[in-house]
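The values are calculated or read from the model by the stated rules, or taken from the named source; none is laboratory data. Please read all numbers here as calculations on a predicted model, not as lab measurements. Every residue, glycine as well, gets a Cβ built from its backbone with ideal geometry; the counts of neighbours run over all protein chains shown.
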């Protein structure tokens, strides 16, 4: 038996009540996996509640059609028997990366279990379900559900498909495999409409968010003979445009539409949030190593970390970190 499945089985045997959470600034993979996983747990006869730190982006609302995802603000929202609950942490291998929910829940739940596919924190691999070769957590959740023989309904299938589409860049990123495509085929056979999912994720942004992206592109600095682009997303931009921070974050992928660009960096900060550095690359430029060194994580070509410094210092730090690729 797969060791990760065995550890998951042991965790499920020990517990009957669960909180499910994903990382702060949630995306379609984390959110879709949560919706599928709560269905999985309920089919096993378990009790489960979803609590996240940050609101679901508007473009992902179609994933949560039954409004299962709760935003945790304080302990008054928790069940009276919270001490009987354990926690599943999806799409991050760092427990405190679930944001403010970590500060509320970490001292209250019995134990936690991570399901993730990012590099970093290898010390957690043995006791959790971390499969770095998977395209997405949605792919992992599907294999878990398949292993347990639980039934897929349309809501769950659509949530998983959305997660896979998002984290594979519509099936074009390196971790897209024949297994990924097999799973996608199964999900479509349950009624998922690929065009509708794409339309929700990529063609439903607000005008304010479009204006926010324009401002982000306006900060663009081209470096290393046109091979790297670095940009800024500041709290002032979010306030001025009223755009969605999470939708603004997606601007990091736009420079790759330009021939010759092999690295894109976005230094970003939401209103009242920490400064973060996101990095995307093509080919053999391994930004996961940079992220892990700075307490973050991710994939070889897509990674990031929180910067415990001012915004301008973080910007300069990002330039220095990425410069080693272009010597």
- Which one of these does residue 266 not meet: (1) assigned by TED's automatic domain parsing to the domain that holds residue 286; (2) farther than 22 Å from residue 118 by Cβ; (3) at pLDDT 95 or above; (4) touching a helix residue (DSSP H, G or I) at 6+ places or on another chain (Cβ under 9 Å)? (2)
- Message: If I filter the stretch 270-293 for residues that are free of Cβ contacts under 8 Å to residues at least 60 places away in the same chain, more than 27 Å from residue 174 (Cβ to Cβ), outside the structural domain of residue 54 (by TED's automatic domain parsing) and touching a strand residue (DSSP E or B) at 6+ places or on another chain (Cβ under 8 Å), do I get at least one hit?
- Response: yes
- Of all the residues that make up the stretch 286-323, how many are part of a loop (DSSP other than H, G, I, E, B), within 14 Å of residue 119 (Cβ to Cβ) and touching a helix residue (DSSP H, G or I) at 6+ places or on another chain (Cβ under 6 Å)? 1
- Message: Looking at the structure I just gave you, is residue 35 surrounded by 15 or more Cβ atoms within 10 Å (Cβ to Cβ) and within 26 Å of residue 306 (Cβ to Cβ)?
- Response: no
- Would you be able to say whether some residue in the stretch 219-232 is under 28 Å from residue 159 (Cα atoms), at pLDDT 95 or above and within 21 Å of the chain's Cα centre (by Cα)? no
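Results for (1) assigned to a helix (DSSP H, G or I); (2) over 20 Å from residue 148 (Cβ atoms); (3) under 17 Å from the mean Cα position of the chain (by Cα); (4) not assigned by TED's automatic domain parsing to the domain that holds residue 275, shown as yes or no for each residue.
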site	(1), (2), (3), (4)
25	no, yes, yes, yes
41	yes, no, no, yes
50	no, no, yes, yes
59	yes, yes, yes, yes
73	no, yes, no, yes
89	no, no, yes, yes
107	no, yes, no, yes
- Message: Return the residues of the stretch 109-143 that are surrounded by fewer than 21 Cβ atoms within 10 Å (Cβ to Cβ), in a helix (DSSP H, G or I) and out of contact with any strand residue (DSSP E or B) (no Cβ under 7 Å at 6 or more places or on another chain); say none if nothing qualifies.
- Response: 122, 123, 143
